[in-house]
Amino acid sequence: MYCASVFSLVWIFINGNSAGEKTFQANGSEGDFETSKATCSQAGGLLASPRNSAENTAIHQIVVRHNKKAFIGINDIQTEGTFKYLSGEAIRYSNWAAGEPNNGGGTEDCVEIYPDGRWNDRSCNEKRLIICEF
Ligand code: GMH
Ligand code: CA
């Protein structure tokens, strides 16, 4: 257990996926928004939900490492145009790509993070890399 903890800390340090109190992890699997949420929840975590630029950078690095866009734990399912965390709390930090969110096709209520770290609102039915926070 001690060795595993030390290994984990070294791994996190080398891979730079830790920000403040949180650790972000992906294993390469993909899912739509509901599957991504459920997968992280079953693992005892939460779908990665960046609350500041340090956390966004940590998630961004995982997206680059896997070369796959990922959903984050933010959506405007309840009220169009009002983006909230999974807890229902309205977001204060954001990192939208230029021109986003645009609710393309009128059906974009989830948020993906691009390989440049910027955000795009996107259909919750797309399949994306699952990144969890613990
Ligand atoms: C439209 C255009 C693109 C934009 C996409 C994206 C889809 O196709 O406005 O420039 O990248 O929407 O917002 O989620
Ligand atoms: Ca969009």
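Give the residue from THR82, TYR93, ALA58 lying farthest towards the positive end of the charge dipole for region 18-133; charges sit on Cβ (+1 for Lys and Arg, -1 for Asp and Glu) and the dipole is referred to the Cα centre.
Projecting each Cα onto the dipole axis, the largest value belongs to ALA58.
Along the positive direction of the dipole of the chain (beta-carbon charges: Lys, Arg +1; Asp, Glu -1; about the Cα centre), which of GLY105, GLY44, ASN120 reaches farthest?
Projecting each Cα onto the dipole axis, the largest value belongs to GLY44.
If I fit a long axis through the Cα atoms of helix 53-66 and take the longest principal axis of the Cα atoms of the chain, what angle between them do I get, 0 to 90°, rounded to 10?
80 degrees
Taking K and R as +1 and D and E as -1, what net charge do the other residues with C-beta under 14 Å from the C-beta of PHE33 add up to?
It works out to a net charge of -3.
Compute the label zone of LEU86 within region 113-133: residues whose backbone N is under 19 Å from the point 7 Å along Cα-to-Cβ.
Residues passing the 19 Å test: 113-114, 120-133.
List the longest stretch of the chain that has no exposed loop site; here a site is one of the GluC sites (Glu not before Pro) assigned by DSSP to anything other than H, G, I, E or B, with at most 14 other Cβ within 10 Å.
22-79
Need one number: the % of Cα-Cα pairs in the chain sitting beyond the 18 Å mark.
Tail of the P(r) past 18 Å holds 51 percent of the pairs.
In degrees from 0 to 90, rounded to the nearest 10, what is the angle of the helix 33-42 Cα long axis to the longest principal axis of the chain?
30 degrees
In what sequence, largest accessible area first, do THR107, THR82, THR23 appear using a 1.4 Å probe?
THR107, THR82, THR23
Describe numerically, in nm with one decimal, the distance between label points set 7 Å from Cα along Cα→Cβ at TYR93 and at ASN52.
0.6 nm
Nearest 10 degrees is fine. How inclined is helix 2-15 to the longest principal axis of the chain, computing both from alpha carbons?
With rounding to tens, the tilt is 50 degrees.
Just how much of HIS66 is accessible, in Å², when a 1.4 Å probe is used and the result is rounded to the nearest 10?
About 60 Å², ignoring ligands and nucleic acids.
The values are calculated or read from the model by the stated rules, or taken from the named source; none is laboratory data. What you are looking at is a predicted structure, and each value in this text was computed from that prediction instead of being measured. So basically every Cβ, Gly included, is an ideal-geometry build from the backbone, and we count neighbours across all protein chains shown. For accessibility, only protein heavy atoms count, side chains too; no ligands or nucleic acids. Shrake-Rupley method; radii C 1.70, N 1.55, O 1.52, S 1.80 Å.
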